[in-house]
Amino acid sequence: MKQFSLTLLLAVFTVFGASAQTVDIIVTEIDPPADSAVYTIGDSINLSFTFFNVGPDSMNTGDTLNVLYQFDTDPIAGFVYLLQSPLSVNGGIQLTLNNKIALPSVPGPHTFCLSVFPRVFTEADSSDNILCNDFDLIDPVSVTEVSAATINAFYADGALNVTLPGNQRTELQVIDITGRQVANHTLFNTNELVNVSDLPQGIYIATFTGQNGDTFSKKFMVN
């Protein structure tokens, strides 16, 4: 679930000024790090993002914007971007950094937030200047094959109790006896309790897909 970083939000209000001209900067996409993507420990990225100005005023060549970004609760980093051409009303810019940015070093789920604010112009609506993406980091050395030997799953009291190999992402699909998918979950923790209390009584197949693409299926009954 995406959340705006409070420290990032507070920081942006300390760095943009005000003038008689007003713009409305909207950050529309960050990729990489892409939302819901999976990266490997040790990876670095060329940060790429897109933003638009929806007015009411245009920005000119040489005007500047503050670009701030943050992984989780790490210290905020950023730079000043100098416009190489006018940014007209409803005009957009896709910007890719030349310098590599290292991803966090701890496996598991992470959040990346980025903001773009004008330095001199008045910002009309600061609610859409910040965008956050959630992504996962895996340790390739610790990836374990998904199999009967590494996964245990059983149904009890409206939930599927699952034991998984640790520190890796596993996709769970629940299929009914007609072959219809009735639930889909992304699991990461070693021990997961998956709520299936809304499923009617019957026989189901839980199919687990690991990061290597290997699969394992187990039958369970809701009663």
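The values are calculated or read from the model by the stated rules, or taken from the named source; none is laboratory data. Remember, it's a predicted structure, so these values are computed and weren't measured experimentally. Neighbour counts are summed over all protein chains in view; Cβ atoms, including those assigned to glycine, are modelled from backbone coordinates with ideal geometry.
Of all residues in the stretch 186-223, those that are of a type in the set (Lys, Arg) and either surrounded by fewer than 17 Cβ atoms within 10 Å (Cβ to Cβ) or under 24 Å from residue 106 (Cα atoms) (or both) total 1. Among the residues examined, residue 65 qualifies as assigned to a strand (DSSP E or B) and in contact with a Lys or Arg (Cβ under 9 Å, 6 or more places away or on another chain).
Pairing residues of the stretch 95-110 that are assigned by TED's automatic domain parsing to the domain that holds residue 38 with residues that are β-branched (Val, Ile, Thr) and part of a strand (DSSP E or B), at Cβ distances under 7 Å and at least 6 apart in sequence or on separate chains, gives 100/45; 101/45; 103/45; 107/138. Scanning the stretch 166-180 for residues that are assigned to a strand (DSSP E or B) and modelled with pLDDT of 90 or more yields 172, 173, 174, 175, 176.
Kindly indicate whether any position in the stretch 36-44 is within 20 Å of residue 133 (Cα to Cα) and at pLDDT 90 or above. So far as the stretch 36-44 goes, yes, one or more of its residues are within 20 Å of residue 133 (Cα to Cα) and at pLDDT 90 or above.
Residue-level check: of (1) over 21 Å from the mean Cα position of the chain (by Cα); (2) surrounded by fewer than 16 Cβ atoms within 10 Å (Cβ to Cβ), residue 37 misses just (1).
May I ask you to verify whether residue 183 is in a strand (DSSP E or B), without any contact (Cβ under 8 Å) to a residue 24 or more places away in the chain, buried (at least 16 other Cβ atoms within 10 Å of the Cβ) and touching a strand residue (DSSP E or B) at 6+ places or on another chain (Cβ under 9 Å)?
Values: in a strand (DSSP E or B): yes; without any contact (Cβ under 8 Å) to a residue 24 or more places away in the chain: yes; buried (at least 16 other Cβ atoms within 10 Å of the Cβ): yes; touching a strand residue (DSSP E or B) at 6+ places or on another chain (Cβ under 9 Å): yes.
Judged against the criteria, residue 183 is a match.
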